[in-house]
Amino acid sequence: MDIADSNVNRSCTQYIYDENYIGYFVKYDNDLAGVRQVINPACIDVINNRFLVAYKEGANLNNPEEFLQYGYNNLPKLYGLMDVPAVEDIGGFAVRDLPGLRLTGRDVLVGFVDTGIDYRNPAFMDEQGRTRIAYIWDQSREALDVGQPVFGYGGEFDSEDINNAIASDNPYNIVPTRDELGHGTFLASLAAGREALEENFSGVAPEANIIMVKLKEASNALRDFYYVGQDKTCYSETDIAQGIRYLINKAVQLRKPMVICVGLGTNQGAHDGSSNLELYIESLSGLRGICFVAPAGNELGGRNHYISAESGREEIVEINVEEGVPGFVAEIWGNAPGLLNVVVESPSGERLDNIIPNVSASNVGDFLFEGSTVFVENIVVEATTGDQLYFMRFSTPAKGIWRIIVRESINMLGQGFNLWLPLREFTGDRVRFVRPSPDIIITSPGNTTGCITVATYNNESGAIYVESGRGYTRKGAIKPDITAPGVEIKGVFAGGERALYTEKSGSSVAAAILAGAATLMLQWGIVNRNNLGINTEIIKQLFIRGAQRKNQLSYPNNIWGWGTLDILQTYQNIRQ
């Protein structure tokens, strides 16, 4: 495997934890001098010959010229958690019991980039009470003083550290990491939790080893730019990418196959697999013994997507903003070679209408009656997609109906447009379209071909989850790939030494279950030497061929993908 150098980069540490700095996740394609010239960063951490992290003071983002100079795709996006008797329903118990399979996840790693893990929970121990967690990398500042730093921040703890902590009267003096939110603990239990017959619970791959990356939360500079309050849980695209980098390096170091589950998502980006994080995942997904899994998101009820009804005409897009919203961002993506002209109208009728459609430039509108300001960055040809992008920031928007009037130039072959608002987790349902579209709402990184994207259904009723993200991508690629159980699923609660259980719903739950299934597939392929070249795409296609499909539906479709996960049927097809 061709991976990045995993040597610790301590020179960036002072900027990683500075709330005024932002770590840009940059696709630089081996042009380091170009990055230094354009961004002029305080520190650079090179991931590989295509991607790097550049730390720079966040105040520069308020300079419109620098925003355009850095490039939209290099600005890290903010990701939120995709939360809102499944093992038997997907055929998991059957493939454990069949003499020719006996698949439990043995000698396979399942990695998470999430909120951490409750390492004292019995669900993550073997029968002798020893941990099945191979490593924890806690990115937080608190772990820096105790553990071994990774890429200049946080602390790493191995299984020996964890076992010593479990045996200690003061475990958090040895391994000072906790999962305060419980999200990562819950997902890890679904994929690889130890079987507890008395609780009628089991993870899909109960003998797999776990590696957890506990993400540090996004800096204040990035939160302020996107208007995401301190009461919201959010993570920077840069730290997620570093977490994935760490997991890949561990898979190589331990010489074991690995499933990587990213139970997070964002509404930012082109929704076509072109974000830097999606491109990074795609570049790794072809590696032998690696499988990426991501959720489709829970944005169906978010009312945060609008798609043009008809290309080549004027449309008025209405956004309902409630009282007390500090600000929000919106992104309009036009389809090349079309050219869009945009006018912003406040609830009282004031307009920002001096935007030149065919010149990349920044515009600022101060709305006197409302006391609101709108910043508009018009990027005529966005560097990664080639499409036109209007990136808009509404500061202290007044309550009422804001209107965005979009006109397409007829002589430029109008191709329509899409408009996205932030995750409803960030806005609290206080910013929404009056006439939203339910399609093309899969969250990133689920739009990349480099991962298995999982929609969510209720395995009790057989119905799709009411909030499950729908495809396809903006460019028409088939997503989601497949659907897995994710409604009122039982998993482990982060409760310390006691094995406590709770139920959760959401697309990250479905992704964790499919990650467990992919772990069994890697055991079959790599550990049992049935397919030594197995990777993300091969596992995806095997699952698709074994998926259950309803007679009254046509497949693939933008709700169910290719059907519902059935591991047993997958192996029956392999046998045939």
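No value in this document is a laboratory result; all are computed from the given coordinates. As the structure is a prediction and not an experimental result, all values here were calculated from the model. Quick reminder, even Gly has a Cβ in these numbers, built from the backbone with ideal geometry, and neighbours come from all protein chains shown.
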- request: If a cysteine in the chain has no other Cys Cβ under 4.7 Å from its own Cβ, put it on the list, ordered by number.
  value: Cys234, Cys261, Cys291, Cys451
- prompt: Within the set Lys216/Lys399; Lys214/Lys540; Lys256/Lys504; Lys232/Lys256; Lys27/Lys475, which residue pairs have Cα atoms separated by over 24 Å?
  reply: Lys216/Lys399; Lys214/Lys540; Lys256/Lys504; Lys232/Lys256
message: Only bridges whose two residues both fall in the chain count here: according to DSSP, what percent of them are antiparallel, nearest 5?
response: 75
- prompt: To one decimal place, what Kirkwood hydrodynamic radius in Å is obtained for segment 220-363 from all pairs of distinct Cα atoms?
  reply: 19.0
- prompt: For the chain, treating each Cα as an identical point scatterer without solvent, what Debye log10 I(q)/I(0) comes out at q = 0.06, 0.08, 0.09, 0.12 1/Å?
  reply: -0.29, -0.52, -0.66, -1.15
Phi-based couplings in Hz for segment 301-306 (Karplus 6.51, -1.76, 1.60; Gly and Pro marked x): x, x, 6, 10, 9, 10
message: Ranking request for peptides 294-300, 431-437, 560-566: highest mean number of other beta-carbon atoms within 10 Å first, then the rest in descending order.
response: 294-300, 560-566, 431-437
- request: Find how many whole Å separate the alpha carbon centroid of segment 131-163 from the alpha carbon centroid of segment 370-407.
  value: 41
- prompt: What number in nm² do you get for segment 165-246 if you take the convex hull of its Cα atoms and divide its surface by four?
  reply: 8.0
message: Just to be sure I follow: if Rg is taken over the C-alpha atoms of segment 237-296 and Rh is the Kirkwood radius over the same atoms, what is Rg/Rh?
response: 0.96
message: Quick check on segment 526-576: take the gyration tensor over C-alpha atoms, sort the square-rooted eigenvalues as a ≥ b ≥ c, and tell me if it's rounded (a/c under 1.5), prolate or oblate.
response: prolate
- request: Decide, for segment 428-551, between rounded, prolate and oblate: order the square roots of the alpha carbon gyration tensor eigenvalues as a ≥ b ≥ c, take rounded if a/c falls under 1.5, and otherwise choose prolate if a/b is larger than b/c, else oblate.
  value: oblate
statement: Taking the reciprocal of mean 1/r across every pair of different Cα atoms in segment 292-362, the Kirkwood radius in Å is 15.5
task: Pull up the DSSP beta bridges for segment 392-508 and report the antiparallel fraction as a percent, rounded to 5.
output: 60
message: Output needed for segment 365-466: three equivalent-ellipsoid semi-axes, defined as square roots of 5 times the C-alpha gyration tensor eigenvalues, in descending order, whole Å.
response: 30, 22, 14
